[in-house]
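Since every read-out is calculated from the coordinates, none of them should be taken as a lab result. Since the structure is predicted, the reported quantities are computational estimates derived from the model, not experimental observations. Positions of Cβ are backbone-derived with ideal geometry, glycine not excepted, and every protein chain shown enters the neighbour counts.
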Amino acid sequence: MSTLPSIAPHPAPFAPTLDPSPFIEHEPWWRTRRVDLLALADQGTARYVYHLPTARAAAIRLRALAPVEWVLYAVKANPHPDLLRLFHAEGLGFECVSPGEVRHVLSVLPDLNPAAILFTPNFA
């Protein structure tokens, strides 16, 4: 019967650990907009509510990460035209998993360089 050799743990991580503190929102935007959000909820229709200044701040923080060369927004997360325009304005590219997503991005941003789109279809 053979035994597996023991493997010593790697002495250091492969990359520096990312400090999460810049990504922690200290006062969530929704607390200051509570009355507005409750008014929307009273309308009785389910909805997603996004705060564009918070989305912009997140994009700026991601683009500022030194080791990251290209930041992509996954269109499947939310294809709303205002979000796509905002992320494009902040220098993000777009990750699309279907031809429909690619067409949608190009319809919202007709002057977008196609090289700003990463098409990763899932054929499984």
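Things to note:
- Rough spin-label spacing in nm, given labels placed 7 Å along Cα→Cβ, for Leu106 and Thr45: 3.1 nm
- With the convex hull drawn over the C-alpha atoms of segment 73-124, the volume per residue is 67 Å³.
- Net charge over other residues, Cβ less than 11 angstrom from the Cβ of Ala74 (K, R count +1; D, E count -1): -1
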